[in-house]
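Notes to accompany the following structure.
Laboratory data are not the source of any read-out in this text; all were calculated from the coordinates shown. The shown structure was predicted, so the numbers you read here are calculated from the model rather than taken from an experiment. So basically every Cβ, Gly included, is an ideal-geometry build from the backbone, and we count neighbours across all protein chains shown.
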Amino acid sequence: MIKLSPSILSADFGNMARDVNAMHKAGADYAHVDVMDGVFVPNMSMGFPMVKALDQETEIVLDVHLMITEPLRYVERFCDAGADILTIHVEADTEEHTKEALRRIRAKGVKAAISVKPKTPAEAVLPYMDLVDLILVMTVEPGFGGQSFMEDMMPKLRQIRAYIDEMNPSCELEVDGGVNLKTAEICKQNGANVLVAGSAYFGAADREAFAASIKAE
Ligand code: DX5
Ligand code: ZN
């Protein structure tokens with residue numbers, strides 16, 4: 001099953017709960033919440049209060065993508081705020097701290113996930129294969145919505161799909177960055193099953209039709 005996780009970075013921040021509830025109704029499976037600290041990426045976005053508010057005001061699965069340094073410091077607070085899936089970057093801390101953060105996320109009953117930036121090789125996920133429920137492959141440099149899809153990430157996506165099939169078949173494989181109806185097809189062909197889309201989803205004239213089309217196998 002292909003899932004859609006629209007990135008709320010492209011939603012209307014003055015009406016966030018409204019937009020997220022509408023997204024759920026339109027067929028989105030998850031709401032992708034991009035958290036940025038101005039250090040790991042050169043931008044800032046939102047944090048615990050937004051996750052908590054969406055947890056209270058919506059029913060959708062909150063797919064929280066932490067683009068922050070040393071996430072171990074904050075993962076439990078994001079779980080308590082209401083994250084359902086919590087993603088940390090492998091580049092954001094040491095292997096030991098990353099493993100500890102993933103264990104703490106799972107201990108909270110939340111799905112644990114890791115992400116790799118474009119320059120990080122596929123092998124970087126290997127130490128974490130039995131600690132994750134989802135792997136997120138970035139198809140743009142993290143930090144901003146509206147960038148162009150990096151098709152040269154597809155060999156890496158295929159390699160990680162092979163690791164998942166061999167070592168942790170129930171793990172989901174998500175792509176994030178520049179995903180639209182056209183690039184989504186390429187991602188699906190290369191093994192992704194969860195598609196993040198920010199500008200393409202919120203820019204679609206008919207969001208329900210967009211969701212149906214992107215989720216078609
Ligand atoms: C980028 C974020 C993405 C972004 C995607 O750092 O992680 O989730 O919002 O936006 P689009 O789909 O517009 O590339
Ligand atoms: Zn993201």
Revision key, fill the gap. Here the residues within the stretch 172-192 that are within 25 Å of A112 (Cα to Cα) and more than 16 Å from ligand 2 (Cβ to nearest atom) are K188, Q189, N190, G191
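The rows are residues; the columns are (1) part of a loop (DSSP other than H, G, I, E, B); (2) away from ligand 1 (no atom under 16 Å from the Cβ); (3) surrounded by 17 or more Cβ atoms within 10 Å (Cβ to Cβ).
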position	(1), (2), (3)
E100	no, yes, no
R103	no, yes, no
A113	no, no, yes
L131	yes, yes, yes
M153	no, no, yes
A184	no, no, yes
L195	no, no, yes
Revision key, fill the gap. Those residues of the stretch 2-39 that are touching an Asp or Glu at 6+ places or on another chain (Cβ under 8 Å) and not in a helix (DSSP H, G or I) come to a total of 13
Exercise for review: Within the stretch 1-44, work out how many residues are more than 26 Å from A192 (Cα to Cα), buried (at least 19 other Cβ atoms within 10 Å of the Cβ) and within 12 Å of ligand 1 (Cβ to nearest atom).
Suggested key: 0
Practice item. Taking D55 as the residue in question, decide whether it is acidic (D, E) and assigned to a helix (DSSP H, G or I). Key: yes
**Study point:** Among (1) in contact (Cβ under 8 Å) with a residue 12 or more places away in the chain; (2) out of contact with any Cys (no Cβ under 9 Å at 6 or more places or on another chain); (3) surrounded by 15 or more Cβ atoms within 10 Å (Cβ to Cβ) - the single one I164 does not satisfy
**Key:** (2)
